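First the structure, in the form of structure tokens, and then the observations on it.
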Amino acid sequence: MKKIFLSSDHAGYKLKEFIKLHFDKKKIKYTDLGPFNEDRVDYPDYAHKVAKKVKTKKNYFGILVCGSGMGMNIAANRHKNVRAAQCFNLRSTKLSRLHNDANIITLGSRLLSKKNALNYVTIFLNTKFEGGRHTKRIKKI
């Protein structure tokens with residue numbers, strides 16, 4: 001069973017809350033690692049919180065939201081065994097899981113509609129790693 005950890009910065013807070021509402025409606029379990037309001041925060045602090053959780057188990061996944069998705073992506077990818085993917089369309093999202101076995105999706109709240117972001121999260125969580133030739137490549141990271 002997948003364990004999902006969410007976090008954002010102040011710019012991504014509303015989109016994170018929107019994703020949580022969807023999860024609640026679908027009865028999808030998750031852990032929110034903050035922040036818990038729209039006060040200004042530093043995105044690396046929250047990216048590190050999620051990355052530290054996700055890197056410990058194969059079935060742990062993370063969702064990180066900031067204004068562009070890029071800052072969270074850079075910070076999360078500093079951790080060993082984390083493969084964060086900034087997803088910006090359906091194809092990038094699907095391939096991040098199929099070929100790269102990404103375990104964290106990063107989203108830009110200022111660049112995506114809520115509907116698209118939710119679609120990308122759904123695709124990300126439901127797409128399985130293809131394995132095969134991609135496994136040896138991932139081991140080289």
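The values are calculated or read from the model by the stated rules, or taken from the named source; none is laboratory data. Everything numeric in this text was worked out from a predicted model, so none of it was measured. Positions of Cβ are backbone-derived with ideal geometry, glycine not excepted, and every protein chain shown enters the neighbour counts.
Of the residues in the stretch 96-133, how many are under 18 Å from LEU21 (Cβ atoms) and not β-branched (Val, Ile, Thr)? Before the answer, list the steps.
Quick first cut of the stretch 96-133, residues under 18 Å from LEU21 (Cβ atoms) only: 105, 107, 109, 112-122, 124-125.
Okay, now just the ones that are also not β-branched (Val, Ile, Thr), so 107, 109, 112-120, 124-125.
The number of residues fulfilling the criteria is 13.
Does THR135 meet the test of being surrounded by fewer than 17 Cβ atoms within 10 Å (Cβ to Cβ), under 25 Å from MET1 (Cα atoms) and either among the polar types (S, T, N, Q) or touching a His at 6+ places or on another chain (Cβ under 8 Å) (or both)? Don't jump to the end; show me each part of the working.
On the way: surrounded by fewer than 17 Cβ atoms within 10 Å (Cβ to Cβ): yes; under 25 Å from MET1 (Cα atoms): yes; either among the polar types (S, T, N, Q) or touching a His at 6+ places or on another chain (Cβ under 8 Å) (or both): yes.
Yes; evaluated as a whole, the condition is true for this residue.
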- Failed condition for LYS16, given (1) touching a helix residue (DSSP H, G or I) at 6+ places or on another chain (Cβ under 8 Å); (2) among the basic types (Lys, Arg); (3) surrounded by 22 or more Cβ atoms within 10 Å (Cβ to Cβ), with all others met? (1)
- Task: Could you figure out which of (1) of a type in the set (Lys, Arg); (2) modelled with pLDDT of 95 or more; (3) out of contact with any strand residue (DSSP E or B) (no Cβ under 6 Å at 6 or more places or on another chain) isn't true of LYS57?
- Result: (2)
- Note on the structure: Residues of the stretch 72-91 being over 20 Å from HIS10 (Cα atoms) and in contact (Cβ under 8 Å) with a residue 60 or more places away in the chain, in sequence order, are none
- Task: Given the conditions (1) within 17 Å of GLY108 (Cα to Cα); (2) crowded, with 18+ Cβ neighbours inside 10 Å; (3) over 13 Å from the mean Cα position of the chain (by Cα); (4) not basic (Lys, Arg), report the number of the one that GLU38 does not fulfil.
- Result: (2)
- Task: Please list, ordered by first then second residue, the pairs with beta carbon atoms under 7 Å, 6 or more apart or interchain, first in the stretch 111-127 and part of a helix (DSSP H, G or I), second of a type in the set (Lys, Arg) and surrounded by fewer than 16 Cβ atoms within 10 Å (Cβ to Cβ).
- Result: LEU125/LYS2
- Query: For the stretch 80-120, what are the residues that are within 19 Å of LYS2 (Cβ to Cβ) and in contact with a Leu (Cβ under 8 Å, 6 or more places away or on another chain)?
  - Reply: ALA84, CYS87, ILE104, ILE105, THR106, LEU107, ALA117, ASN119, TYR120
- Query: Which of (1) of a type outside the set (A, V, I, L, M, F, W, C); (2) touching a Gly at 6+ places or on another chain (Cβ under 8 Å); (3) surrounded by fewer than 18 Cβ atoms within 10 Å (Cβ to Cβ); (4) not in a helix (DSSP H, G or I) does SER7 not meet, given it meets every other one?
  - Reply: (3)
